[in-house]
Amino acid sequence: MTGNVMAVECNTLFNWLLRLGDNTLVLSHRVSQWCGHAPVLEEDIALANTALDLIGQTQMWLNLAGEVEGKGRDADTLAYLRDAWDFRNLLLVERPNGDFGHTMMRQFLFDAWQNVLLNRLKDSTDPRVADIAEKAAKEAAYHLERSRGTVIALGDGTEESHARMQAALDALWDYVGEMFLDDQVDRAIADAGVGPLPSNLRDEWDGIVGAALNEATLTRPDSDFAQTGGKTGRHTEDLGYILAEMQFLQRAYPGATW
Amino acid sequence: MSSEWPLWEVFIRGQHGLSHRHVGSLHAPDAECALRNARDVYTRRNEGVSIWVVEAAHITASSPSDKGPLFEPSESKVYRHPSFYDIPDDAGAM
């Protein structure tokens with residue numbers, strides 16, 4: 001174990017783990033904003049379940065990140081006491097919820113990616129990473145089954161639901177590319193066998209998403225343009241609003257517990 | 001076509017149960033979605049190992065007003081209970 005882990009610089013591993021934890025943290029907060037507002041009770045509960053699953057994954061990733069950093073920060077400290085530029089999540093997960101279909105489309109694009117990623121991470125040379133991936137993969141598989149089903153049902157639904165799903169896909173497509181971009185951190189992680197190169201996830205993702213869009217009678221946008229920056233801390237203004245809401249209590253009453 | 005989703009009845013087989021038990025109902029547009037909804041609404045606390053859903057419209061139920069003719073006649077027929085037999089000790093637990 002130590003041999004492989006030592007091959008990655010601590011700071012690199014820390015940054016990479018932040019990306020994993022921040023993705024699930026920010027998406028969880030976005031999904032939790034539906035609580036009490038979803039179109040039907042069943043979807044409301046399902047979305048809350050998903051948000052809670054993602055928070056559980058966040059705790060594992062960010063606690064490990066804190067452990068790797070070695071400065072005594074745990075998941076709560078990292079979640080509540082960092083500012084926007086220290087967050088490493090993909091821009092996709094901070095995009096506003098839009099309507100229910102828009103939220104489910106964002107969820108589907110993410111779920112497909114997360115499933116491919118987690119399945120690769122099960123073979124990580126770092127057993128701590130493999131362990132978290134193993135735990136998270138099952139619920140992630142269910143998230144995908146659910147979001148995929150909803151995207152197909154609404155895409156291949158009424159004229160209005162179809163139009164809304166196509167609009168959601170078109171609007172979110174610019175944020176897909178960032179999931180598959182490799183940078184220095186990714187390459188160091190891949191060289192050590194800790195995780196896959198993001199670009200290597202694309203084919204499998206394309207297969208999952210392509211098949212579902214086909215069934216949903218939706219047209220895959222013909223563009224490779226990618227909005228980027230989230231992975232290195234350059235975010236859209238939306239993240240600031242998310243953090244303002246999420247971090248308010250710890251900022252106003254530092255150290256408060258209940 | 002109605003814009004309301006149909007009602008589904010949900011049956012769950014629990015960790016230690018041998019048979020599925022009715023746990024409640026929910027709305028869903030189709031059977032697959034009803035299964036997923038049942039998973040999210042009724043098995044959040046690790047209640048189940050198996051789920052059945054059936055569209056409520058497919059259940060034929062007895063009418064409460066038929067209670068008399070259907071059930072009262074059996075009230076006076078205690079001999080239908082196997083409670084008048086002496087069970088030999090060596091038969092063990094029945």
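Observations on the model:
- Using a Förster distance of 45 Å, the FRET efficiency for B:K77-B:A31 (Cβ separation, nearest 0.05): 0.65
- Label-point gap, in nm, between A:D224 and B:A91 - each point 7 angstrom along Cα→Cβ: 8.2 nm
- Of the peptides A:94-106, B:54-66, A:25-37, B:14-26, the ranking by mean beta-carbon count within 10 Å, highest at the top, reads A:94-106, A:25-37, B:14-26, B:54-66.
- Residue-averaged [θ]222 nm for the protein assembly as shown, counting only DSSP H segments that reach four residues, each worth -39500 (n - 2.57): -17000 deg cm²/dmol
- Contact order relative to length of the range A:158-229, as percent, for alpha carbon pairs under 8 angstrom and 6 or more apart: 46 percent
- Folded to 0 to 90 degrees: helix A:41-69 orientation relative to chain A principal axis, Cα: 20 degrees
- Other protein chain Cβ atoms within 10 Å, averaged over every residue that makes up B:22-30: 2
- Shielding value for A:43-52 is 3, the average number of Cβ atoms from other chains within 10 Å of each residue's Cβ.
- Shown here: the protein assembly as shown, whose C-alpha atoms stretch 83, 58, 44 Å along the first, second and third principal axes, sorted largest to smallest.
- Principal-axis tilt of helix B:31-42 within chain B, Cα atoms, nearest 10 degrees: 70 degrees
- A simple rule links phi to the HN-Hα coupling: the Karplus curve 6.51 cos²θ - 1.76 cosθ + 1.60 with θ = phi - 60°, which for the range B:66-71 gives 8, 3, x, x, 6, 10 Hz, with x for Gly and Pro.
- Linear extension gain, A:D206 paired with A:N97, 0.36 nm per residue minus alpha-carbon span: 36.9 nm
- Evaluated with a Cβ-only charge set (Lys, Arg +1; Asp, Glu -1), the range B:1-52 carries a dipole of roughly 300 debye about its Cα centre, given to the nearest 20.
- Within the range A:72-137: Cβ-based charge dipole about Cα centre, in debye rounded to nearest 20 (Lys, Arg +1; Asp, Glu -1): 120 debye
- Chain lengthening between A:E245 and A:Y80 when straightened (0.36 nm per residue, less Cα-Cα): 58.4 nm
- Residue (of A:T58, A:V8, A:N119) at the positive-pole extreme of chain A, dipole from beta-carbon charges: A:V8
- Stokes-Einstein diffusion coefficient of the range B:22-94, Kirkwood radius over Cα pairs, 25 °C, 0.890 mPa s, in µm²/s: 144 µm²/s
Bear in mind that the values in this text are calculations on the coordinates, not laboratory data. Keep in mind that what you see is a predicted model, and the values were worked out from it rather than measured. Note: ideal-geometry Cβ built from the backbone for every residue, glycine included; neighbour counts use all protein chains shown.
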